[in-house]
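What follows is a set of notes on a single structure, which appears directly below.
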Amino acid sequence: MGSSEMAVLQGGFAPVEREITVDLTDIEGEIPRDLHGMHVRNGPNRQFAAPGRYHWFDGDGMLHALRFDGGRVQYQNRWIATQSLAEERAANGALWQGIKDPPRRDRPDMPIKNTANTDVKYFAGELLAMWYLGGEVHRVRPQDLATTGTLAMDPRLAGLHISAHSKVDERTGEFVFFCYGKEPPYMHYGVLDKSGMLKTLVPVALPGPRLPHDMAVTRNFSVLHDLPLFQDPEAAAAGRHKVMFYPELPSRFGVLPRHGVASDIRWFEAKPAYMYHVSNAWEESDGHGGTEIVMTGTPFKPQHDARGQLDASRLPRLIAQLGQDCMFYEWRFNLRTGQTRERVIDDVLNQEFPIINSAYLGERTRYSWNTLMANGAGPEEPRFCGITRYDLQQDSCSSYHAGMHKWFNEHSFAPKDQAVAEDDGYLVGFMWDALASRSYATVFDAHDVAQGPVARIALPQRVPHGFHATWVSRERLIRGW
Ligand SMILES: [Fe+2]
């Protein structure tokens, strides 16, 4: 095993073996009394070591929850009881290798293990754990993090794989999703209503198989991603996995009404780029009687060669190394003219994992709290070194960097009781102190992240670094959707 493989199994990345539920009492600062609800973060935590090479994305999904209740907080962690983990537990050993090794040819239903380790959202009274390559969506009970099954699939979705980064509209309770795959039309888009009924399903014809990671929604529209970074078709035909960047192709964004049909999709072209994460999207008047769809996110910065041209191999190499060299960016898709305008919001700070107040999903948002990424982190060892708060109205940002050896995770925005403004609340998440070898829960005042956490709560065991988080307010837990 090489050092790069070791890195994501050591220190703050090392998996934990125990599932615990504990009231936390070792608190620096004060937990806000007007904070009620639940932060949940998904991430990899492998149970059985497989032969071969380990990649950070391979670990079995584990949820880590913080339940806040008027100044008190409880921590709980639990594996997502996926079908693959059940099979491995029955066999008392690994049955799948990681993504760096060949998939299982004897399991056409699951050649690569669906770990459910990527994303988590609250929908129809349950947590949904989703996987970035797309697969069965696992349902988890918010009260005790017990996995209760998988999301019932309408027969029309047979053979389709719901991706991570599906969206939940808290106003309507709808679940807006996309699926992508290797067979034409290569993408589907759909909407479940708040009871889980499939209301909309749209085949989205792409020029070939693509690797979209996210999508965007506004109040009335959805935005689908077709980006010029995908598997080299010749290599794929030869059975090899080789991802390439095609700088001669544009980025394409498909805009359609939330409940539209395939013929409604309008494709907007933009500069070639690859991105993982959207911050938000919304509708604005273009000042001439038309509508602009505005989308913000954190694409990779252009990777140039020595002659200043976009380099086809640097970006896939960076991505394969889990390197981060990203900026905050805005696209505007004009529905009247069909034109795209785009601009850098900030390419000074290296940043990813943008979050918003999720109650404002699809509405014009003034704020985005993005995660600062360390430059020059070790290969396959992404490091989240702080949080920055953008104010798009003031065109300003302020940041918190805790110094060396303190690494964050994606936080969630938690509105305070009786919140009025978009940023009335807190950022809640986990932090790993590498010097103390200890994990903490951190609570920031969302108005002022630069002052550092208002509460830092020691955890009795490590929370291994992971991926996405969500906030579920007490109101939504009581409401049940
Ligand atoms: Fe993601």
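The values are calculated or read from the model by the stated rules, or taken from the named source; none is laboratory data. Computed from a predicted structure; not experimentally measured. Neighbour counts are summed over all protein chains in view; Cβ atoms, including those assigned to glycine, are modelled from backbone coordinates with ideal geometry.
Considering 146, 94, 124, 116, the condition of being modelled with pLDDT of 95 or more and within 16 Å of the ligand (Cβ to nearest atom) is satisfied by 116 alone. Residue 177 meets all of the listed conditions (1) outside any loop (DSSP other than H, G, I, E, B); (2) within 16 Å of the ligand (Cβ to nearest atom); (3) within 23 Å of residue 104 (Cβ to Cβ); (4) not basic (Lys, Arg) but one, namely (3).
If the condition is being among the acidic types (Asp, Glu) and farther than 19 Å from residue 227 by Cα, then the stretch 252-273 contributes only 264.
Residue count for the stretch 327-343 satisfying the condition of being surrounded by fewer than 19 Cβ atoms within 10 Å (Cβ to Cβ) and either on the phi < 0 side of the Ramachandran plot or among the β-branched types (Val, Ile, Thr) (or both): 10. A residue that is away from the ligand (no atom under 16 Å from the Cβ), crowded, with 17+ Cβ neighbours inside 10 Å, of a type in the set (Val, Ile, Thr) and under 27 Å from residue 275 (Cβ atoms) occurs somewhere in the stretch 184-195. Residue 133 falls short on exactly one of the conditions (1) in a strand (DSSP E or B); (2) within 16 Å of the ligand (Cβ to nearest atom); (3) not small (Gly, Ala, Ser), and that condition is (1). What are the pairs with Cβ atoms under 6 angstrom where one residue, in the stretch 263-282, is modelled with pLDDT of 95 or more and the other, located anywhere, is more than 16 Å from the ligand (Cβ to nearest atom) and of a type in the set (Lys, Arg)? Sequence gap at least six, or different chains. Hits for this filter: 267/252; 269/252; 282/364. For the stretch 383-425, the candidate set comprises residues that are surrounded by fewer than 16 Cβ atoms within 10 Å (Cβ to Cβ) and either of a type in the set (S, T, N, Q) or within 21 Å of the chain's Cα centre (by Cα) (or both); within that set, the residue that is nearest to residue 447 (Cα to Cα) is 398. Looking across the stretch 347-359, just one residue is within 16 Å of the ligand (Cβ to nearest atom) and in a loop (DSSP other than H, G, I, E, B), and that is 356. From the list 376, 338, 362, the one residue that fits, being assigned to a loop (DSSP other than H, G, I, E, B) and either modelled with pLDDT under 95 or within 16 Å of the ligand (Cβ to nearest atom) (or both), is 376.
Within the stretch 158-173, being assigned to a loop (DSSP other than H, G, I, E, B) and within 14 Å of the ligand (Cβ to nearest atom) holds for 163, 164, 165, 166.
Among the residues of the stretch 206-245, those that are in contact with a strand residue (DSSP E or B) (Cβ under 7 Å, 6 or more places away or on another chain), among the small types (Gly, Ala, Ser) and not in a loop (DSSP other than H, G, I, E, B) comprise 216, 222.
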